[in-house]
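All remarks here apply to the structure that follows.
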């Protein structure tokens, strides 16, 4: 069963206000937890660096890289989820959302590769 | 630039009417072209069958299977696109679409693997 | 622990003899089970065809396509395994196998996408 | 055409000598270039961290994460290549290499997901 709008509130990215020339400004929900998650991935990449420098076994390095890719997929899914529930939903309600949906599909296509 | 709603019309799956116990009924847009595309993939799988039976070189079989997977991804993206532009958009406009968006994200997660 | 050469024997593709102009001839191990596996996938693709023709729900079709892709990955891994244990290993023992290893890596690169 | 053994020499990981309790010791070929490549990826992950902290647009973050995954695939393929041409080839020549090939296939299976 889907959560009610209220329960979802914390997982929706904040309204896309213009951000100078730079694109839209979007505050990610649970930003602190998300940045910690990415910081952990940064640490894992540093770990791979050490493994190469310390002449660790190829297969162990490859296993570690696969783990990093899975962790990145987890982050992508979290951001995609708040984007779909936030920016895309609002766009559909505001103007039909065709542009937002096209953009979402392009992102998914890239994520599948 | 995104197409206007009108131009998109042919690429949106038809309204999700109840289909007995069996789930929703959804007519895919450009159904004829889509079924032809899937029939071609069915033929490619038959081709792999022949290659194995005729003792063709492993690498050629593997290359053919990769081509089939790409073709399936193409079909998935087409169906996902009409689903997002049709069922999901309508659900957002009708009731906020939380359930539809959750379901969409689950599908994308499966497609990424 | 790895199986001994003897136990592996049935899972190694048969020696790559020239096959006219057409490329090498390679008999897959457990050929009957392998062709049955591919025939089942062919049937699953036919199932997707029926789902589209019968206006089944988009998400159910997408789920089925993901299942087909997983099944194809299973077949690829099986063929890759007999190829690595058969053709590639023999090439390494015969002439160092550089060409066979390069080709293997190209195949893996394609399979990763 | 495949390169001769000699030309390949620089791209083959160095002989797998025992490394205490810790596993095998394997010096990656072109180690300096490889570590630079991984350091660049570490920087890209730090870039994603900044994007989230600076409330950058979801889609731009997702695009950046896809780029990181591609870069990691590039590193994996490079390490897999030197592993196959080095450790695995030597294992095949020394003892038939069944264990090394099994391990290689497990790694490829993980990389495909």
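The values are calculated or read from the model by the stated rules, or taken from the named source; none is laboratory data. Small disclaimer: the values here were computed from a predicted structure and weren't measured. Note: ideal-geometry Cβ built from the backbone for every residue, glycine included; neighbour counts use all protein chains shown.
The table below lists the values:
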quantity: Some residue of region C:70-90 being facing another protein chain (nearest Cβ under 8 Å) and closer than 19 Å to residue B:30 by Cβ; calculated: no
quantity: Test set (1) more than 7 Å from chain C (Cβ to nearest Cβ); (2) within 14 Å of the chain's Cα centre (by Cα) - residue B:44 fails condition number; calculated: (2)
quantity: Residue in region C:21-29 that is at the interface with another protein chain (Cβ under 7 Å from one of its Cβ atoms), surrounded by fewer than 18 Cβ atoms within 10 Å (Cβ to Cβ) and at pLDDT 95 or above present; calculated: no
quantity: Per-region count, region D:26-47, residues in a helix (DSSP H, G or I) and touching a residue at least 24 places away in the same chain (Cβ under 8 Å); calculated: 6
quantity: Residues of region B:87-106 classified as surrounded by fewer than 23 Cβ atoms within 10 Å (Cβ to Cβ) and in contact (Cβ under 8 Å) with a residue 60 or more places away in the chain, total; calculated: 1
quantity: Residue count for region A:57-72, restricted to those that are out of contact with any strand residue (DSSP E or B) (no Cβ under 8 Å at 6 or more places or on another chain) and either assigned to a loop (DSSP other than H, G, I, E, B) or free of Cβ contacts under 8 Å to residues at least 12 places away in the same chain (or both); calculated: 8
quantity: Looking only at region C:79-113, and only at residues there that are farther than 17 Å from residue C:12 by Cβ and assigned to a loop (DSSP other than H, G, I, E, B), the one that is modelled with the highest pLDDT; calculated: C:96
quantity: Condition check for residue A:50: touching a strand residue (DSSP E or B) at 6+ places or on another chain (Cβ under 9 Å), part of a helix (DSSP H, G or I) and at pLDDT 95 or above; calculated: yes
